[in-house]
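The values are calculated or read from the model by the stated rules, or taken from the named source; none is laboratory data. Remember, it's a predicted structure, so these values are computed and weren't measured experimentally. Every residue, glycine among them, receives a Cβ derived from its backbone with ideal geometry; neighbour counts consider all protein chains shown. SASA here: full protein model, heavy atoms, side chains in, ligands and nucleic acids out. Shrake-Rupley method; radii C 1.70, N 1.55, O 1.52, S 1.80 Å.
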Amino acid sequence: MEQTKSGRQYSFNIVDALLIVVVLCIIAGGIYFFVIRKTNGTEAVRLEYTLEIPIQKKEFDGAVKTGDMLINTVAKDIIGTVVAVKYENATSATTNLNDGTMHVVQYPEGVYSKLIMTIRSDAKRENGMLYIQTVNIAVGKSISFRTQAYIGTALCTGVREIDTQTKAISK
């Protein structure tokens, strides 16, 4: 205890306790962001993900084949190998202007198709995100790609992690 100019002794109060708690929280936050978070390493995983082009001209059917290498057209990275390809008749959702109901409409057979590709690749998990090279892979992401005979942009509709030992899906 220390005496002040008025002769009273200084006592520890609640404001001093709160100040100490705030300083300790700032120190703990700094340790987390600059030490613990930086040491969050990457983990290698094996992925299978699905890309879908909902509407394309039927004449491009067959341009993407099983075994094709997929290359990201933005980063120029190889982002996997096509392991399955499926072509379906394209559909579109429309709204009835009279009553406001939505309907799924099939395009005429042989005009437009939907391309669904399954791609397998090695990836890394970094801070909860999945990356193939520099490309973030997640459901809902749009990915521009090319193969030997096709260039397009597809929507990622599914991602699953594969255990390479048992070929079973984990997580």
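Yes or no, residue by residue, for (1) touching a Cys at 6+ places or on another chain (Cβ under 6 Å); (2) at pLDDT below 90; (3) surrounded by 10 or more Cβ atoms within 10 Å (Cβ to Cβ):
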position	(1), (2), (3)
Thr4	no, yes, no
Gln9	no, yes, no
Ile14	no, yes, no
Leu19	no, yes, yes
Tyr32	no, yes, yes
Thr39	no, yes, no
Thr50	no, no, yes
Lys57	no, no, yes
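Only one of these is surrounded by 11 or more Cβ atoms within 10 Å (Cβ to Cβ) and at pLDDT below 85: Asp122, Asp163. Name it. Spell out the reasoning first.
Working: Asp122 fails: at pLDDT below 85.
Exactly one residue qualifies, and that residue is Asp163.
Annotation: Asp16 fulfils all but one of (1) within 26 Å of the chain's Cα centre (by Cα); (2) among the charged types (D, E, K, R); (3) farther than 30 Å from Tyr150 by Cβ; the unmet one is (1). When Gly152, Gly140 are screened for being open to solvent by less than 70 Å² (accessible area, probe 1.4 Å) and either out of contact with any strand residue (DSSP E or B) (no Cβ under 8 Å at 6 or more places or on another chain) or outside any strand (DSSP E or B) (or both), only Gly140 passes.
Go over the candidates Val139, Val105, Val111, Val74 one by one and state the one that is farther than 11 Å from Tyr49 by Cβ, β-branched (Val, Ile, Thr) and free of Cβ contacts under 8 Å to residues at least 24 places away in the same chain. Quick ask: steps written out before the conclusion?
Values: Val139 fails: farther than 11 Å from Tyr49 by Cβ; Val111 fails: free of Cβ contacts under 8 Å to residues at least 24 places away in the same chain; Val74 fails: free of Cβ contacts under 8 Å to residues at least 24 places away in the same chain.
On inspection, the qualifying residue turns out to be Val105.
Taken together, the residues in the range 105-120 that are outside any strand (DSSP E or B) and β-branched (Val, Ile, Thr) amount to 1. For the range 66-113, filtered to residues that are β-branched (Val, Ile, Thr) and open to solvent by 70 Å² or more (accessible area, probe 1.4 Å), the residue that is farthest from the chain's Cα centre (by Cα) is Thr95.
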